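Down below is the structure, laid out as structure tokens.
The values are calculated or read from the model by the stated rules, or taken from the named source; none is laboratory data. The shown structure was predicted, so the numbers you read here are calculated from the model rather than taken from an experiment. Here the Cβ positions follow ideal geometry from the backbone for every residue, glycine too, while neighbour counts run over all protein chains shown. Only protein heavy atoms, including side chains, enter the accessible area calculation; ligands, DNA and RNA are left aside. Shrake-Rupley method; radii C 1.70, N 1.55, O 1.52, S 1.80 Å.
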Amino acid sequence: MNIDLTVQEVKDFLVSNTFEYKATQTKLSFPILFRIYKKLKIGVKFSEIKIGEKLIIDGHHRYLASILAKVEIATLPSHRVTATKLIEWCDIEIDSEDWDREEKEIKRFNEIDAKNSNLSLEELIQLLK
């Protein structure tokens, strides 16, 4: 399955769209976003995005990837802390660096994602090829 997405496409999308939930994070990692996007496109399930007062508390990468992939991810109410700051989506920096630097970290997320989707790790890896 050929699934393409570029940094520029994401930047353009952020500038030209409105979003139901507000961001509270100034940067996103494109490699993480792309991994989630690709998994969503092949049917992998993810845990809920935590929302407090229409602000994303946890799940920025999942939220944006779900919109780009046109796949809904459930939300879960959460608490906003006083230090939480609103960030406009169009002002978010898309970092080309992979924040999941260690292979074992990526493997751990793959294991979680496979479990959420009732797949073995091997089946998930095969689907991602």
- Is it fair to say Lys38 is in a helix (DSSP H, G or I) and open to solvent by less than 80 Å² (accessible area, probe 1.4 Å)? yes
- Message: Which condition from (1) touching a helix residue (DSSP H, G or I) at 6+ places or on another chain (Cβ under 6 Å); (2) more than 13 Å from Gln25 (Cα to Cα); (3) open to solvent by 40 Å² or more (accessible area, probe 1.4 Å); (4) assigned to a helix (DSSP H, G or I) is the one that Lys45 breaks?
- Response: (4)
- Task: Of all residues in segment 23-35, count the ones that are in a strand (DSSP E or B) and open to solvent by less than 40 Å² (accessible area, probe 1.4 Å).
- Result: 3
- Message: Considering only segment 42-51, I want to know if a residue exists there that is out of contact with any Pro (no Cβ under 8 Å at 6 or more places or on another chain), farther than 24 Å from Glu105 by Cα and at pLDDT below 95.
- Response: no
